[in-house]
Amino acid sequence: MIHTLLLLTFEFFTTGLFAVGGGLATIPFLQGIGSRRGWYTQARLADMIAASQCAPGPLGTNMATYVGYTVGGFPGAALSVTALMLPTILVDIVAAALMERFRSSVKMELLMRAIRPASAGLICAAAFALLRISLVRPEAVWDLHAPLRWLQNFDPRCIALYAALLPFAFWKKLKKVHPMAYIAIGAVVGVLFL
């Protein structure tokens with residue numbers, strides 16, 4: 001059990017250290033953790049993301065709690081959340097001290113500019129990962145010698161649902177609908193359709 005707790009602490013500390021850009025930026029790291037450690041499948045990860053999005057609080061913290069509790073019980077949840085948040089707290093303390101000192105530094109401005117594309121890349125990777133988890137069958141095989149077989153990897157029900165619901169995301173009148181309505185509708189559609 002101690003070995004598992006140490007692994008949880010290590011995995012979520014590194015995730016907290018490198019996942020720049022918020023909760024969505026943790027998703028590629030969570031995929032890697034699931035693949036490396038075998039603690040959950042990609043389909044289970046999709047369920048955990050959905051549950052974490054419904055719960056109040058940041059996605060990354062909710063996911064750390066969920067994974068930590070699933071793998072190591074209450075101690076696992078506590079260590080995972082602490083390990084995820086600790087790098088951010090330490091970097092913020094150091095950055096606050098340095099920002100005051102190097103406020104007008106050109107190098108600091110260049111560093112901040114360099115972080116933005118990395119953050120955008122992690123968020124794009126998260127969006128791609130969510131689409132892949134949602135639209136591709138878990139047992140998909142991508143044979144480079146037979147690209148026409150790639151169509152078999154997609155779940156037609158999920159693609160039809162995605163195509164049907166995507167226009168609603170851009171409908172101006174729906175912007176005024178409370179987010180809880182979307183969550184409830186999504187839960188009902190998910191249970192009935194999938």
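The values are calculated or read from the model by the stated rules, or taken from the named source; none is laboratory data. In this text the structure is predicted, and so the values were computed from the model without any measurement. As a convention, Cβ positions derive from the backbone with ideal geometry for all residues, glycine included, and neighbour counts pool all protein chains shown.
Remarks
- Contact map, the range 53-75: residues that are touching a residue at least 60 places away in the same chain (Cβ under 8 Å) paired with residues that are in a helix (DSSP H, G or I) and among the β-branched types (Val, Ile, Thr), Cβ distance under 7 Å, separation 6+ or inter-chain. Pairs shown: Cys54/Ile183; Gly68/Val81; Val71/Thr4; Gly72/Thr4.
- Test for Gly57: is it within 30 Å of Ala184 (Cα to Cα) and not in a helix (DSSP H, G or I): yes
- Looking only at residues in the range 86-126 that are outside any helix (DSSP H, G or I) and surrounded by fewer than 10 Cβ atoms within 10 Å (Cβ to Cβ), the one that is modelled with the lowest pLDDT is Arg103.
- Top-ranked residue of the range 14-51 - restricted to ones that are modelled with pLDDT of 80 or more and outside any helix (DSSP H, G or I), ranked as surrounded by the fewest Cβ atoms within 10 Å (Cβ to Cβ): Gly38
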